[in-house]
1. So how many residues does the range 275-322 have that are within 21 Å of Asn255 (Cβ to Cβ), in contact with an Asp or Glu (Cβ under 7 Å, 6 or more places away or on another chain) and surrounded by fewer than 21 Cβ atoms within 10 Å (Cβ to Cβ)?
2. Return the residues of the range 771-818 that are among the basic types (Lys, Arg) and either more than 52 Å from the chain's Cα centre (by Cα) or within 24 Å of Leu576 (Cα to Cα) (or both); say none if nothing qualifies.
3. Which one of Thr514, Thr519, Thr554 is free of Cβ contacts under 8 Å to residues at least 24 places away in the same chain and either more than 26 Å from Asp773 (Cβ to Cβ) or under 33 Å from the mean Cα position of the chain (by Cα) (or both)?
4. Quick one: which residue in Ile309, Ile263, Ile271 is assigned to a helix (DSSP H, G or I) and closer than 27 Å to Tyr174 by Cα?
5. Restricting the range 393-412 to residues that are of a type in the set (A, V, I, L, M, F, W, C) and either in contact with a helix residue (DSSP H, G or I) (Cβ under 6 Å, 6 or more places away or on another chain) or surrounded by fewer than 17 Cβ atoms within 10 Å (Cβ to Cβ) (or both), which is modelled with the lowest pLDDT?
6. Can you pull out every residue in the range 207-240 that is of a type in the set (S, T, N, Q), out of contact with any helix residue (DSSP H, G or I) (no Cβ under 6 Å at 6 or more places or on another chain) and buried (at least 18 other Cβ atoms within 10 Å of the Cβ)?
7. Quick one: Asn212 ticks every box in (1) part of a helix (DSSP H, G or I); (2) closer than 22 Å to Ile445 by Cα bar one, so which box is it?
8. Tell me whether the range 565-585 contains one or more residues that are over 38 Å from the mean Cα position of the chain (by Cα), modelled with pLDDT under 85 and surrounded by 20 or more Cβ atoms within 10 Å (Cβ to Cβ).
Amino acid sequence: MVTTAMKHFHVSLCLLVLFLKALTRCTVTASEFQLEGDYLIGGLFNLHYVTSPIYYDRPEAFDCSSQPILIPNYRRFLIMRFSVEEINNSTTLLPNVSLGYEIFDHCSDTQNFPGIFKLISDNGSIQPWGQPQQQQLHRSNDSKVIGVIGPFTSTHTLTVAPLFMVDLTPVVSYGASISILSKNTNFPSFLRTVHPNKDVIEVIVNILLYFNWSWVAFLNSDDDFGIDGLELFLNRIKDTDICLGYTKALNDNTNYSQVFKQIEAQKINVIIAFAPKLTAEALIDSAIQLNITNKVWIADDGWSLNTKIHKMDGIKNIGTVLGVSQPLVTIPGFSDFIYSYKSQILYENAGQQKFCNQICNCSNLTAEYILSVDPSFSFAVYSAVYAVAYALHNVLQCGKGSCNNNMTVQPYMVLAELRKTNFTLLNQSIRFNENGDPEFGSYSIVFWNSGAVQEIGFYTFQSVNFFINTTNIQWHINKVPTSMCSPKCCEGYAKKPNGVQKCCFTCEICPNGTYINSTEDPFTCIHCKDTEWSEEGSTSCKLRVVEYIAFTDTGAILLIIGSCAFMGLTLAMSVLFAINYNTPVVRSAGGPMCFLILGCLTLCSVSVFFYFGKPTTSFCIMRLLPFTLFYTVGLACFVVRSFQIVCIFKITAKFPQLHSLWMKYHGQWWIIAGAFVIQTLLLLIGYCYGPPVPYDERFWYRDKIIVDCTINLKATAGPVIFLASLCSLCFIFSYMGKDLPKNYNEAKAITFCLLLLILTWIIFTTVYMLYRDRFIIIFNALAVLSSLYSFLLWYFLPKCYIIIFQPHKNTQQYFQGLIQNYTKTLSQ
């Protein structure tokens, strides 16, 4: 089923091709690139190469013919033309069926899309996928292209192949060898007649193992092909004795002088060059210019038969060149085709309008020169064309002398037959595996002799067989070179000797908290002291930064201001309550007990000041002592106050004698004094058992020490439990008064204050368990101050508001009315 995204994709392509098509029409002679036939095979050959990126200020196709030509690729282009001509002349393959081609010069992976769109277009436009009925209506107008040969490079293939995958148009590449193309899920209609990179890497590794070369450099092109080769090489040598001493991705901006300096510094004698033709030419030319000598070079199949490099002046001085190449297969009749073709006179047809990038400007190339260039990938092109032809032959149900020309051939039909391909071509059985990779062919191992490229061995795939005839190799030092591993470890790495290691030793980076002193002991990572730290790969330790909250810290200043403001507010409220001491609001808030509570809250706020500055034993004690002791007294007052509120409204009416005894012996003050004495004793016992002292927190952060005060859970358990018990009692009594008169809300205010208190310390405890930076000290002080402000703002401030702004509620009559109404309600 076609997804909406795919529909949009096709629509976008349709619009883009129409736009580009209008821009890129030009008049060219295109007889080399086009041949009419009943069925067409598309061809993508990078006949030219882009020397440097060209940028346009509007969408515009790139004119490949303006760039330098690649003669080996032109030879492969002619191989395709020859193959089609040979098939058309055959009486057994596709009888009475003419095969044509539409070939484009695909020199750029980003600016050559008009040709691609031409191959997948239907009468000049692209038909997005629709419903099956709509597809059936367009069957008669479908493109005659049944398959595409190419592109050559992996990057070009990755760019254009997805466009053909949509309609399952077979793409048979003769040069793209990157591994990802073997994934059927990503490239369902892709096949290739060249072996994937893993096979070339396998041969290279076998050469290294054969000569016991364990210390090598791997130079790869900085593209999909080279990066894939490097990854495969690294995976392949994991379980071998081979070490990769140096690797570099090569591009147009590569500093070859620096590359070879690094290789010389590492004392590497074997260099693997995994790169296409142009990159390899630049690499070898730089080696010659920089006078790089006495090296063993291992070439991949992309440049092992490169005649241009082989004929460079000074090539003998770089050392010994070995390579992996495709076997040289002589294609009968191809030479005659080249000579016959070059002897013809091509007449231009100026009135014929064709697509751009279907011109070569190759008329000055002689047949001899074309036949002398690198013949690599010739059989790959030849077998690719024949594979498509045989697949079409099977689709058309061709028999003796005829084919079924009444059926409509769709690309996916050709793909299905391609996957089942099994025919013999020049004594080779052509077939593909389930991934579209070839199950035929072999590799030759070649040596660059002074006169020519000489085959010295082979590697076959059907029955794995590896052979090298070393007697035919003339080494640059008259014996087999050695390449042993003994590289210098980088700074911060320790040498780890291992008798069974693939190299002399491995370099292991020293972990956090250790350092390496290479002059004294290059094999041991030394641990730093407790007061020091180090990053991974250090050569020395650094002192840990000692952190605490100074008085000048922004957070400390704000909290100190908040504490001073708290003291000012309590003083102002005390004065206000003293002035209005005999009023009902002050009396109902606790009367003289209000001043005790405000005084205790003020003394509690003193502890905030001791959270700042470098902690000492006295500072640690003062952080907890004032707050714990005086907050206990304050809570005891609220416990008594909550109890009295409940007594007045609920107990007095039912137990009048109990209330009289309570008032006669001043029970509230005895409870407050008892709470003070008990908490004092608990604090003294706790401090004697384990007083809080400064300590250095080193666990949470490796690069700093947080100076804080210890919290002895056993020592502080008694005072904290007692404080929590008072809080619970206060909450219970205040909650019992939740249904008191609406305007008489002391119990409700106390309940709300307690909820804020509990929430504050739950949040602090949670943060303290998860976060241990120096700012936790500020958070602790903030929790203390919040606990104090909760009672000041939510219990005392509303009463101040009534005294100042609602004096009519601060009368004896108002309060008496509330009490009498509530008493009547209870009696009913």
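The values are calculated or read from the model by the stated rules, or taken from the named source; none is laboratory data. All of these numbers come straight from a predicted model, not from anything done at the bench. Note: ideal-geometry Cβ built from the backbone for every residue, glycine included; neighbour counts use all protein chains shown.
1. The number of residues fulfilling the criteria is 1.
2. Lys799, Lys809
3. Thr519
4. Unique residue meeting the criteria: Ile309.
5. That would be Met407.
6. Residue satisfying the conditions is Ser214 alone.
7. (1)
8. Yes: the range 565-585 contains one or more residues that are over 38 Å from the mean Cα position of the chain (by Cα), modelled with pLDDT under 85 and surrounded by 20 or more Cβ atoms within 10 Å (Cβ to Cβ).
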